[in-house]
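Worksheet: the structure to be examined is printed underneath.
The values are calculated or read from the model by the stated rules, or taken from the named source; none is laboratory data. Everything quoted here is computed from the prediction, not taken from an experiment. Counting neighbours? That spans all protein chains shown, and the Cβs are built from the backbone with ideal geometry, glycine included. With ligands, DNA and RNA removed, areas are computed over all heavy atoms of the protein, side chains included. Shrake-Rupley method; radii C 1.70, N 1.55, O 1.52, S 1.80 Å.
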Amino acid sequence: MPEQQTIPVRIQLTADDYAEFNRYHGRRQMALLFFLYWIVFVAVAGMRGGAADAGRFGLLIPAGLVLSGLLIAMHLWSIKVKTRKLFQNDKLAQMEQQLHFSETGIRHTTAESSNLVEWADVYRAAETRNELILYLARNRAILVPKRDIGAQWQQVKELLRTHLPPRKLGLKS
């Protein structure tokens, strides 16, 4: 790709984009919480005499899994509702953004500012089902919905693979 050529991407974030970002970051905690709910349910039921015979104990395991699944589903729903409320009150997050991917880096432009993020300054790039997440630091990221990248997705991935070392890439193949 020549130096002057860029891949322009217009971004219009939604509350669902932020909710997916929050779910992505909480996925390990959710798995741990699911397991913890299950252990607590089985332990409490077992202490209350629910495990008196093998048949009843055999029912506790799937019942605990179902209950844990329901609790995690409620937690995920709660995250979505809270994220939606926060997003509705954050006018800055609702503003259109523009990214221009090039050989020199990523130009990030909003109505308020324009910054060039050089490739060496990209902390990490991760991909979810619907988003590209560009981390500029451990706690600072640019969310890029794949729907906004569109047909240019393969070009963007190629550019990321060219300029970022494999340890910084969390892209699907």
Requested in this report: Report whether or not residue 59 is open to solvent by 30 Å² or more (accessible area, probe 1.4 Å) and either closer than 22 Å to residue 25 by Cβ or not in a strand (DSSP E or B) (or both).
Outcome: yes
Report task. Give the residues of the range 99-137 that are of a type in the set (Lys, Arg) and in contact with a strand residue (DSSP E or B) (Cβ under 7 Å, 6 or more places away or on another chain), sorted by residue number. Result -> 107, 124
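Among the residues of the range 7-14, is there at least one that is at pLDDT below 90 and either under 16 Å from the mean Cα position of the chain (by Cα) or not small (Gly, Ala, Ser) (or both)?
The first filter runs over the range 7-14 and keeps only residues at pLDDT below 90, leaving none.
No: zero hits.
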**Report entry** Residue check, residue 9 open to solvent by 50 Å² or more (accessible area, probe 1.4 Å) and either touching a helix residue (DSSP H, G or I) at 6+ places or on another chain (Cβ under 8 Å) or in a helix (DSSP H, G or I) (or both)
**Finding:** no
Query raised in the report: Pick from the range 103-145 the residues that are under 15 Å from residue 12 (Cβ atoms) and in contact with a Lys or Arg (Cβ under 8 Å, 6 or more places away or on another chain): which of them is surrounded by the fewest Cβ atoms within 10 Å (Cβ to Cβ)?
Result: 130
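Matching residues to (1) part of a helix (DSSP H, G or I); (2) modelled with pLDDT under 90; (3) of a type in the set (A, V, I, L, M, F, W, C):
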{"position": "92", "(1), (2), (3)": "no, yes, yes"}
{"position": "95", "(1), (2), (3)": "no, yes, yes"}
{"position": "100", "(1), (2), (3)": "no, no, no"}
{"position": "117", "(1), (2), (3)": "no, no, yes"}
{"position": "120", "(1), (2), (3)": "yes, no, yes"}
**Report entry** Leading residue by the ranking (modelled with the lowest pLDDT) among those in the range 25-56 that are buried (at least 16 other Cβ atoms within 10 Å of the Cβ) and of a type in the set (A, V, I, L, M)
**Finding:** 51
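Considering only the range 141-163, I want to know if a residue exists there that is hydroxyl-bearing (Ser, Thr, Tyr), outside any strand (DSSP E or B) and touching a Phe, Trp or Tyr at 6+ places or on another chain (Cβ under 8 Å).
Taking the range 141-163 first, the residues hydroxyl-bearing (Ser, Thr, Tyr) are 162.
With outside any strand (DSSP E or B) added as a condition, the list becomes 162.
With the extra rule that they be touching a Phe, Trp or Tyr at 6+ places or on another chain (Cβ under 8 Å), the set shrinks to none.
The answer is no, given that none of the residues of the range 141-163 is hydroxyl-bearing (Ser, Thr, Tyr), outside any strand (DSSP E or B) and touching a Phe, Trp or Tyr at 6+ places or on another chain (Cβ under 8 Å).
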Requested in this report: Kindly establish whether residue 84 is part of a loop (DSSP other than H, G, I, E, B) and under 24 Å from residue 16 (Cα atoms).
Outcome: no
